[in-house]
Structure formats: C-alpha cells, structure tokens
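The values are calculated or read from the model by the stated rules, or taken from the named source; none is laboratory data. Keep in mind that what you see is a predicted model, and the values were worked out from it rather than measured. All Cβ positions, even for glycine, are placed from backbone atoms using ideal geometry, and neighbour counts span all protein chains on display. Quick note on the areas: whole protein, heavy atoms, side chains included, nothing else; ligands and nucleic acids left out. Shrake-Rupley method; radii C 1.70, N 1.55, O 1.52, S 1.80 Å.
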Amino acid sequence: AAAPDDAATLLDALDWHIARHADRTHLVVLGDEEGAEESVSYGELRAEALAVAAGLAQRGIGAGQAVSIMLPTSRDFFRAFLGILLAGAVPVPIYPPTRWAQIEDHLRRQARILQNCRAVMLVTLEAGQRVARVMQGLVPTLAEVATVADLSLPGVVPLLPRPRAADLALLQYTSGSTGDPKGVMLTHANLLANIRAMARAVDATPSDVFVSWLPLYHDMGLIGAWMGGLYTGFPLVVMPPTAFLNRPSRWLRAVHRYRGTFSAGPNFAYEICATRIDERDLEGLDLSAWRIAFNGAEPVSPETLERFAKRFAAYGFRREALTPVYGLAECAVGLAFPPIGRGPRIDRVQREALTRSGTALAARDDDREALAFVGCGSPIPGHEIRVVSPEGRELPERFEGRIEFRGPSATRGYFRNPDKTRALFDGEWLDTGDLGYVAGTDVFITSRAKDVIIRGGQHVHPYEVEEAVGNLPGVRKGCVAVFGVHDAASGTEKVVVLAETRLAAGPDRDRLRRTVADTALALLGTPADDVVIAAPHTVLKTSSGKIRRAASREAYERGLAGKREPAGWRVLARFTLSLALARVRRTARWLGAWLYGIWLWIAAASLGAAALPASLLPQRWRWPALHALARTMLRASRLTVAVHGLAHIPATGPAILVANHASYVDSPLLLALLPRRVRFVAKRELAANPVTRRVLGAAGAVFIERFDVERGAEDARRLVALAAGGEALVFFAEGTFTRAPGLR
C-alpha cells in the first residue's frame with residue numbers, strides 16, 4: 001500500500017510506479033461496443049507517451065506552450081495527455097462536438113478557449129479533423145491539427161525538460177466557460193496536494209478499483225478518477241460517457257464485473273439508474289464491492305439518494321456507500337468529503353427563514369414546506385472552508401452566505417484573465433461562487449450565487465423547482481431550467497420555467513404547461529411569470545451535463561427558446577458562411593497591415609535618406625534638423641505615443657537617462673520626443689558602419705568600448721567629463737536583444 005509520497009510532479013509519480021511494477025495494469029479502457037476492452041500497464045503508457053513527446057519536440061513544441069486535446073475517452077487520450085506533459089507543454093482538454101444542431105455554439109465556445117490559452121496545436125481524431133480545421137480558422141495561434149498517430153515517433157527518446165512542482169500541469173477550463181473563458185491554472189503541486197488529501201479522506205489503496213464513465217475533459221473524470229489512480233496505484237476501468245448515456249446499466253455492470261470499490265457520477269446519473277433501467281438489465285447484478293459512490297458536480301437530491309439506495313439494496317448496494325461530495329475546478333476537484341461509510345446526511349430547514357433572511361433554521365418533522373439539503377462533509381485534509389456575508393464578514397453556523405476556501409490545492413487564478421482572477425480572491429481565500437451554510441461538521445450547498453432569483457425580496461433557489469418539474473410525466477428529466485429575467489417595469493426579476501418535452505404541439509402540450517405552472521406555484525407560493533414548453537435539446541448544458549442557466553436565459557431573451565431546432569446542414573452552412581466572412585475580415589486586416597508596412601518602409605527610407613544631408617549641417621543646426629525629421633517620421637507612422645515625466649528632465653545642465661532597450665525604434669523615438677539636445681551612448685561596433693557613424697555622430701552620439709576593459713574605463717571617464725560639462729546622456733543599459741542576465 002505504499003505511495004509515491006516524495007513525488008513532486010505527476011511524472012515523478014508515474015516514474016515511481018514504473019520503477020516498482022511497470023507491468024502492473026493501470027488502465028482498462030472499454031469501448032462504446034459491449035466487449036471492447038484493452039488493458040494498459042504503467043510501462044506501456046509511458047513508452048507510448050514518450051513517442052508522442054518526441055513528435056511534439058520534433059515540431060518545436062515545448063516548455064509552457066498550450067496543446068489542446070479534443071479526443072473521446074480512449075487510449076489515445078492518455079497517451080496525448082502524458083506526452084504533452086513529458087514534452088514540457090501544458091495540456092488543455094476540450095470536449096468534442098456531440099450534436100450537429102449545436103455545432104455552431106460548440107465551435108465558438110471551444111475556439112474562445114483555444115484563443116485564451118493560445119494553443120499552438122490541437123490533437124484530435126482523424127474523423128474530428130474537419131471540425132478542428134474550422135476552429136483553426138478562428139484561432140490565429142493554432143498552427144497545427146494532428147492525431148496521436150501523426151505525432152508518435154516510437155523508439156525516439158528526445159532530450160525532454162523536467163517539470164517542477166510549481167509548473168503548470170493543466171489548464172482546466174470550467175464547464176461554464178463561455179464568452180469570457182476561465183482557464184483554471186493547476187500546477188503539479190496543486191494536483192498532487194488534492195489527490196493526496198482525497199486519498200486520505202477515502203482511505204484509497206492500490207487494492208481499490210475505480211470504475212468511471214465520466215468525461216476526461218472534466219475534473220471529476222480526469223483528476224479524481226484517472227490521476228487519483230496514477231498516483232495511488234489503483235487500476236481505473238474507464239468507458240466513454242456515451243456508453244453510459246446510451247445504456248445506463250453498462251455502468252453498473254462494469255462495477256459488478258471488475259469489483260469496483262469506487263465510482264462517481266453527477267446526481268442525474270443516479271436518478272437515471274434508479275428510475276429508467278429495465279429490471280431485466282439488472283439480472284445477476286452484484287454491487288456489494290462498491291464501498292464509495294461519489295455524488296457531486298451538481299446539486300445532490302435527497303430523493304434521488306433514497307430512490308437509488310432502495311432500488312439497488314437487493315443487488316448488494318449499501319446505503320452507507322452513498323457519498324455526496326463537494327468540489328470545484330479552482331480547488332483541482334475535491335474540497336469536502338463526508339466520513340467513510342456514514343451515508344447521506346439530510347438537513348430539513350424552514351423555507352421562509354432561508355428565503356427571506358438566509359437563516360437555515362431546522363424544520364419540524366411535519367413541516368411540508370421545508371427545504372431539504374444534503375451534507376457534503378467537511379474539508380479534505382489541509383484545506384479550510386468558511387461562509388461569509390455579502391460584506392465579507394464570516395458567518396456562524398446555519399447562516400447562508402458565500403462559500404470560500406483555502407488550501408494547497410487552490411489555483412493561483414485564471415489564465416490570461418486578470419479581472420476574473422481578482423474577483424476570485426478575497427485576500428487569501430477563494431470565492432467558490434456557491435451559496436451554502438455550515439451545520440455541525442458538514443457544509444450544505446444551497447445554490448450557485450449567480451443562479452439565485454430575487455423576486456420581491458424572496459430568494460428563489462432554482463434546483464427544487466427544476467427537480468419537481470423534471471419528475472412530471474411528459475417532461476424530460478434533467479432538462480428543466482429555472483432562471484430569472486430582469487423586469488424593468490417592476491424593478492425585480494421574473495421567474496421563467498423552461499422545460500423540454502417530446503410531446504407534439506397541441507392539447508397534450510398545453511395540459512403539460514398547466515401542470516408545470518401548478519407545480520411551480522406550489523413550490524414558490526406565487527405563480528411563475530412564464531412557462532415555456534420546448535422541444536428536446538433546447539435547455540443548454542455544460543460539458544459535464546449541468547444546466548447552463550445563464551445561456552438558457554440569453555436564448556429566452558433572444559426569443560430562441562421553444563423554437564424548432566434548425567437542420568444540421570443549415571447550422572453548418574451558417575457557421576461556414578460566418579467563418580468565411582471572418583476570414584475575409586482577417587485577410588483585409590492582413591492586407592491593410594502589409595500596405596501599412598510598405599508605407600512605413602517608404603517613409604523611413606525617405607526620411608533616413610534626408611538624415612544624411614542633415615548630418616552635414618553646421619553643428620548648431622544638426623540637432624534641430626534631426627529632431628524635426630524624427631518627429632515627421634512619427635507623424636507619418638500615425639502611431640500614438642503617450643509620454644509622461646518630461647518635466648523631470650532639466651532644460652539645462654547634466655542629466656542621465658537610462659532606457660531598457662525594446663527595439664531599434666528607441667533611438668529615433670527619443671530623438672523625436674525629448675525636449676532638449678541629448679547625446680546617445682552607443683556601442684563602438686556602430687562606428688564601424690559609415691552610415692550609422694555619420695548619422696549617430698551628427699546626433700551627438702558617444703561611441704564606447706564594451707569588451708576591452710582598459711578602453712572601456714577610458715570611455716567611462718570621458719562620459720563623466722561630458723556629464724560634468726552639462727551634457728545630457730542617454731544610455732541603453734542592456735545594449736543587445738539577446739536573452740542574458742545582468743546589465744551590458
């Protein structure tokens with residue numbers, strides 16, 4: 001039961017296992033089809049990842065560059081991820097498109113992520129290259145689209161960088177990333193801290209088996225399931241999400257067949273199993289080995305927990321195995337776990353007290369209006385949670401507020417998004433964006449802060465209404481969104497219920513609408529302002545299956561909710577047209593930049609030619625003439641230059657100006673802007689060229705020796721004498737553009 005406790009990076013953990021049991025099974029990869037299975041050992045995976053790293057290195061991809069992975073659950077995903085890490089680059093998993101009708105929304109969302117992380121390569125399937133190349137047209141930095149087979153160079157062992165604990169190991173884009181992508185920066189240290197703390201919380205050992213259908217582009221499947229096994233040593237049995245969604249019993253069958261001790265899923269997965277699987281598909285099922293059934297990533301329903309436990313008790317499942325947990329990408333994945341084997345803890349609170357004043361007062365047993373919340377346990381080892389008021393004051397038990405956390409798993413922020421990073425931090429604490437309260441040893445999550453609807457001073461939590469409406473006959477379960485829309489007339493928010501159905505338009509759909517309205521009325525105490533019954537796939541979801549309420553609200557406000565789904569070819573044609581227009585605009589910008597560059601070279605050549613005769617003018621006229629030429633060039637370039645601090649330069653007498661060299665434009669720029677005559681201190685090599693010697697000399701340049709110590713000291717004394725005589729000297733302290741420490 002040993003573990004790589006001294007590992008500083010994920011690659012150190014992999015090497016630890018390679019050194020001890022390279023042939024040990026690390027992965028069992030199941031396919032979409034029944035019976036498709038392949039086992040992968042630690043040694044095999046590392047060899048295949050090294051081949052990918054060699055291909056990346058050959059293409060010049062390395063330290064710190066972002067390489068995106070758009071692959072389904074497969075052996076290739078793991079090869080690609082570890083290959084990118086071995087090459088010193090940063091993996092960025094994104095999810096492949098699933099439905100043509102939403103291809104435009106998908107491509108734009110993923111393109112914004114690739115733009116934000118400045119991805120230089122996208123690794124995908126052969127079949128996904130068409131879609132990937134469309135995104136390539138939207139992302140200027142995306143130089144190449146490749147498959148794992150394209151990249152692999154077996155037998156080649158390149159010289160690879162060794163990452164450090166503080167280096168980025170993953171950019172995890174949160175599932176709600178839309179117009180302003182939030183790429184959570186996670187270092188090797190963050191990931192290992194989280195994995196170690198979770199392993200301690202659940203007493204994980206190499207004898208455990210994790211069975212997962214969770215997508216690998218989401219933190220529960222990627223970090224909790226795979227990286228947890230990579231570190232701890234338990235094998236991971238992994239199947240594509242579509243295998244579960246198409247036939248949910250395959251998940252339970254895999255737990256049975258491989259004697260899974262760990263498995264996880266969002267609440268909707270447990271609800272599907274509890275209500276939709278045919279009894280014939282469960283014949284002979286044995287779930288007695290399943291000791292921890294994690295339930296997280298979305299609100300946990302007390303009713304779902306009870307239904308699941310009741311149905312599968314006959315198949316050896318113990319209610320105590322149900323483990324509601326809480327986590328978020330900003331803390332890698334896990335933040336709060338309950339004690340092992342305790343089972344769910346349900347807290348019933350007074351509805352009026354919570355919605356009006358934010359106090360979670362315990363409700364009486366006979367209170368039919370009570371709200372029920374599920375306890376998610378206490379912080380994992382080394383981490384802390386607190387609940388704060390809107391003013392930032394820490395709240396006592398049973399007061400609802402914003403949940404904040406801190407600990408070694410905490411991200412340092414969002415990649416290239418300083419505004420969102422500032423909003424994330426409250427001193428040393430990080431804001432989860434969730435509302436909840438603490439009671440006893442448990443944290444209870446009541447809502448996402450941005451999802452709460454405030455109508456007439458009452459706080460409406462959407463989850464309860466969504467679950468109740470989703471349980472109605474005719475409504476697609478898990479396909480209900482409740483959100484608020486600002487009403488300018490009343491100054492408060494309108495409550496909108498958007499529910500999907502397969503019923504055709506007509507009397508049946510009208511009756512369903514009335515039933516939904518009655519259900520919302522019973523829970524809210526007042527009628528919903530609008531009830532929209534829509535076709536399947538109208539309610540927008542994240543990659544992990546969570547409801548995108550803000551996006552669904554935007555669709556409602558644009559009048560798109562409830563409309564018929566456009567044909568796939570229409571969507572693709574519209575997107576292709578918009579992409580073509582974007583390319584035309586980009587080409588126009590490129591052509592404009594090219595013409596502008598020609599104009600600048602012509603202007604520079606013309607004015608540069610004029611600088612030679614100006615250098616022949618009498619001494620008193622040289623500086624004014626060169627100054628005027630430089631200003632003319634600046635005006636001709638149409639560049640806007642902001643200058644601050646000219647008042648600090650004395651009109652007469654000695655002055656020393658030091659510039660950190662940025663480009664060869666520095667000298668003419670200063671020549672144009674400085675209010676008095678100055679003398680540039682230039683390296684002696686420029687005096688070897690007759691043109692630069694003549695022009696710079698005319699501008700009063702002083703040429704100095706940089707390499708010969710004796711001559712350099714003599715030049716330094718000459719500079720001191722010039723300064724003492726009242727000259728203004730301009731130094732370019734670095735003197736070159738190569739990367740090197742220290743001043744030159």
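What is the sum of charges around residue 611, taking Lys and Arg as +1, Asp and Glu as -1, for the other residues whose C-beta is under 15 Å from the C-beta of residue 611? Before the final figure, lay out each step's value.
Working: positive: 622, 631, 693, 694; negative: none.
Taking every Cβ under 15 Å from that of residue 611, the sum is +4.
Choose one of 82, 139, 71: the residue whose Cα lies farthest towards the positive end of the charge dipole of the stretch 35-141 (beta-carbon charges +1 Lys, Arg; -1 Asp, Glu; about the Cα centre).
139
Please state the relative contact order of the chain as a whole percent: Cα pairs under 8 Å, 6+ residues apart?
8 percent
Quick check: net charge around residue 263, other residues with Cβ under 13 Å of its Cβ, Lys/Arg +1 and Asp/Glu -1?
+4
What is the dipole size for the chain, taken about its Cα centre, with +1 at each Lys and Arg Cβ and -1 at each Asp and Glu Cβ, in debye to the nearest 20?
Dipole size: approximately 3080 debye.
How much net charge surrounds residue 407 when only other residues with a Cβ under 15 Å from its Cβ are counted (Lys, Arg +1; Asp, Glu -1)?
Here the charged neighbours net out to -1.
Give the shape of the stretch 10-108 as rounded, prolate or oblate, defined through the alpha-carbon gyration tensor: a ≥ b ≥ c are the square roots of its eigenvalues, a/c under 1.5 means rounded, and otherwise the shape is prolate if a/b is larger than b/c and oblate if not.
Taking the square roots of the gyration eigenvalues as a ≥ b ≥ c, the stretch 10-108 is oblate.
Which value, in Å², gives the accessible area per residue of the stretch 641-683 when a 1.4 Å probe is used on the protein heavy atoms? Don't skip to the answer; put the middle values down first.
Details: 2620 Å² over 43 residues.
Value returned for the stretch 641-683: 61 Å² of accessible area per residue.
How would you order 207-217, 548-558 from highest to lowest mean count of nearby Cβ atoms within 10 Å?
207-217, 548-558
Roughly speaking, to the nearest percent, how much of the chain's 1.4 Å accessible area is carbon and sulfur?
56 percent
Given the DSSP H assignment, sum -39500 (n - 2.57) over each helix run of at least 4 residues in the chain and divide by its residue total; what's the result at 222 nm in deg cm²/dmol, nearest 500?
Values: 22 runs with 272 residues, N = 744.
Here the helix-only value at 222 nm equals -11500 deg cm²/dmol.
Identify which of the listed values of semi-axes √(5λ) of the Cα gyration tensor in Å was calculated from the structure shown: [x] 48, 34, 26; [y] 43, 36, 20; [z] 58, 32, 27.
[z]
Which order do the peptides 512-523, 299-310 take when ranked by the mean count of other beta-carbon atoms within 10 Å per residue, highest first? Show your work: numbers first, answer last.
Details: 512-523: 17.3, 299-310: 19.9.
Sorting 512-523, 299-310 by mean packing, highest first, produces 299-310, 512-523.
At a 10 angstrom cut-off on C-beta neighbours, averaged per residue, how do the peptides 429-440, 709-720, 137-148 rank from highest to lowest? Could the numbers behind the result be given before it?
Details: 429-440: 20.1, 709-720: 12.1, 137-148: 18.0.
Per-residue Cβ counts within 10 Å, averaged per peptide and sorted highest first, yield 429-440, 137-148, 709-720.
With the Cα gyration tensor of the stretch 603-744 giving a ≥ b ≥ c as the square roots of its eigenvalues, does the rule (a/c under 1.5 for rounded; else a/b larger than b/c for prolate; else oblate) give rounded, prolate or oblate?
Verdict is rounded for the stretch 603-744.
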